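Here it is, the structure in full.
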Amino acid sequence: MPTSWEDYIKGPSNQAAIQSYRALSEGAFRPLRRVLANVVKTCEPSSIACLGAGVLNDIPFDELVLSGAAIHLVDLIPGIVDRGIGQSVLIDRNADDADIDNQGTDDACVFCALGAARAAKWCKRFNGAGRPDSSRICGGFTPVGGNAKGCLSYERAELPNVLYQDVTGGYATAFGHAALNATEKAISWKQAFGIATAAAKQLRNRRERLDIADGSIDLVTSSMLLSQFEHEPYDYFSRQVAARLGPPSAREENRLHRTLEKLKNDLLLNQIAAHCEEVARILAPDGRFFVAFELFHYDPARDAWFMVPEMHAALGRLAHHFNFDFAALPPADSIVTFKLGEASSVVQNFLMRHKHAA
Ligand SMILES: C[S@@+](CC[C@H](N)C(=O)[O-])C[C@H]1O[C@@H](n2cnc3c(N)ncnc32)[C@H](O)[C@@H]1O
């Protein structure tokens, strides 16, 4: 049975798995959250849009809320951002310089820190009665449990603005649909690649807009998102074809090698181009675009670092759309190491501005 693109991206909605990954990766993502928190302090944006926000592992949600900026969080997967916010409401005690004193023994909720009138705008379950055991969390607070932090009761109120939309102007979604069509029509891998390659090219002109006004955002972030464009929606396409036609024979695989590489590359670069165009549309004239992606990976088997070649091309594509701003991002924040279990990567961070900006 083929899987639709919509069902595929939802994945298994296993809340326990999301929570345990959060607890496990808490320290690994901290350097990235610190860099973004510094960017917010330096740029003092009045509006922030985090594209590909996911479960907010790499986003210092507490700092964003305390900054007072209008916040927009966008992701393709329905419900994921709301789950992420529930896990991000507690102020990070270990952040270098949390904005408020939170060195006590009890947890502090970032919405409660705003005061009762404002907290109710962020969380429908805010209960101003407070708790006998804490002055920093409200009566509605239910701990997530286990090693994970967060509030199980959290329910989004009018803030922040959360959008479940495609940050590639609809390109990834449209290709997902075309990939299923290619799978259903094709009677060989070669034919499936032919249909998919034509669709990847033809869909380049398609543009759907996020529900965010032109030129309205002071800081747009795209953190660890380009690294994902390298895999999807190509993996979806190849999995659907393999499920219908079986894996390619060794001979087919040999013959299709270059076609495969070209399709993967086209999908990556077309998604980046469409993403950049949408970012340029919503970015304020003097706004900043923060991009973070994994440029190097560590291979423990060879004890060697290697550069992700696709990300080199990605960098070129970014430079085509935006100017780099090295003045606003100190060198120490330009590179961070991400280490989780056996996996290590070097994440490169950039601040960019409109091409036309002085
Ligand atoms: C690797 S995660 C980035 C880290 C993320 N901030 C987190 O903490 O989960 C990439 C996120 O981008 C989202 N994404 C990928 N392609 C997208 C698209 N075309 N439009 C919107 N979101 C997309 C994924 O659903 C995922 O949540």
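Readers should treat all values here as calculations from the given coordinates under stated rules, not as data from a laboratory. Computed from a predicted model, the values in this text were never measured in an experiment. In this analysis, Cβ positions are derived from the backbone assuming ideal geometry, glycine residues included, and neighbour counts consider all displayed protein chains.
If I fit a long axis through the Cα atoms of helix 15-43 and take the longest principal axis of the Cα atoms of the chain, what angle between them do I get, 0 to 90°, rounded to 10?
Relative to the chain, helix 15-43 is tipped by roughly 80 degrees.
List the Cys residues of the chain that have no partner Cys with a C-beta closer than 4.7 Å.
Cys with no partner Cβ under 4.7 Å: Cys43, Cys50, Cys123, Cys138, Cys151, Cys276.
If you don't mind, another one. For Cys123, what residues show an amide H to amide H distance below 5 Å, using hydrogens built from the backbone and excluding near sequence neighbours?
Those lying under 5 Å, H to H, from Cys123 are Ala157.
Right, next: Residue-wise, which Karplus ³J(HN,Hα) couplings in Hz belong to the stretch 106-117, taking 6.51 cos²θ - 1.76 cosθ + 1.60, θ = phi - 60°, and x for glycine or proline?
8, 6, 10, 8, 5, 5, 4, 5, 7, x, 4, 4
Next question, about the same structure. Relative to the first principal axis of the alpha-carbon coordinates of the chain, what is the inclination of helix 189-202, with its axis defined by its Cα atoms, in degrees from 0 to 90 and to the nearest 10?
So the helix axis and the longest Cα principal axis differ by about 60 degrees.
In whole angstrom, how long is each semi-axis of the equivalent ellipsoid of the stretch 185-266, when you take the square root of 5 times every eigenvalue of its Cα gyration tensor and sort them from largest down?
33, 14, 11
Once you sort the root eigenvalues of the Cα gyration tensor of the stretch 161-310 as a ≥ b ≥ c, which label holds: rounded (a/c under 1.5), prolate (a/b larger than b/c) or oblate (the other case)?
oblate
Skipping prolines and chain starts, which residues have an amide H placed within reach, meaning under 5 Å, of the one on Met224, given they are 5 or more residues away or on another chain?
Ala292, Phe293
Would you kindly calculate the translational diffusion coefficient of the stretch 250-358, applying Stokes-Einstein with the Kirkwood radius from alpha carbon pairs, for 4 °C and a viscosity of 1.567 mPa s, and quote it in µm² s⁻¹ without decimals? Provide the component values of the computation, followed by the final result.
Numbers: Rh = 16.0 Å.
In µm²/s, the coefficient is 81.
Turning to a different aspect of this structure: Starting from the exponent 0.38 and prefactor 2.2 Å, build the expected Rg for the stretch 119-179 from its residue count and divide its actual Cα Rg by it. Walk me through the numbers before you get to the answer.
Values: Rg = 18.0 Å, N = 61, 2.2 N^0.38 = 10.5 Å.
Output field value: 1.71.
Can you give me the angle between helix 250-282 and the longest principal axis of the chain, using Cα atoms only, in degrees from 0 to 90, rounded to the nearest 10?
40 degrees
Still on this model: So for the stretch 37-186, what are the equivalent ellipsoid semi-axes in whole Å, largest first, each being the square root of 5 times an eigenvalue of the Cα gyration tensor? Mind dumping the intermediate values first?
Values: eigenvalues 218, 62, 38 Å².
Largest first, the stretch 37-186 gives 33, 18, 14 Å.
Another one. Determine ³J(HN,Hα), in whole Hz, for all residues of the stretch 306-313 in sequence, where each value follows from phi through the Karplus function 6.51 cos²θ - 1.76 cosθ + 1.60 and θ = phi - 60°; x replaces Gly and Pro.
9, 7, 7, x, 4, 6, 5, 5
For the chain, what is the mean residue ellipticity at 222 nm derived from helices alone (per DSSP H run of n ≥ 4: -39500 (n - 2.57); sum divided by total residues; nearest 500 deg cm²/dmol)? Don't jump to the answer; show the numbers that get you there.
On the way: 12 runs with 151 residues, N = 358.
That calculation yields -13500 deg cm²/dmol at 222 nm.
For the stretch 9-82, what value does the Rg/Rh ratio take when both radii are computed over Cα atoms and Rh is the Kirkwood radius, given to two decimals?
0.99
Can you pull the Rg over Rh of the stretch 240-298, Cα-only, Kirkwood? Present the calculation step by step, with values, prior to reporting the outcome.
On the way: Rg = 18.0 Å, Rh = 15.0 Å.
Computed over Cα atoms, the ratio is 1.19.
Starting from the eigenvalues of the Cα gyration tensor, five times each then square-rooted, give me the equivalent ellipsoid semi-axes of the chain, largest first, whole Å. Intermediate values should be presented prior to the final figure.
Numbers: eigenvalues 272, 107, 83 Å².
Rounded to whole Å, the semi-axes are 37, 23, 20.
Tell me the volume per residue, in Å³, of the convex hull enclosing the alpha carbons of the stretch 106-227.
Details: hull volume 23.0 nm³, N = 122.
Taking the convex hull of the Cα positions in the stretch 106-227, it is 188 Å³ per residue.
Can I ask one more? Hey, what do the phi angles of the stretch 210-221 turn into as Karplus ³J(HN,Hα) couplings, whole Hz, using 6.51/-1.76/1.60 and θ = phi - 60°, x for Gly and Pro?
Karplus values, whole Hz, x for Gly and Pro: 5, 7, 9, 5, 3, x, 9, 10, 6, 9, 10, 10.
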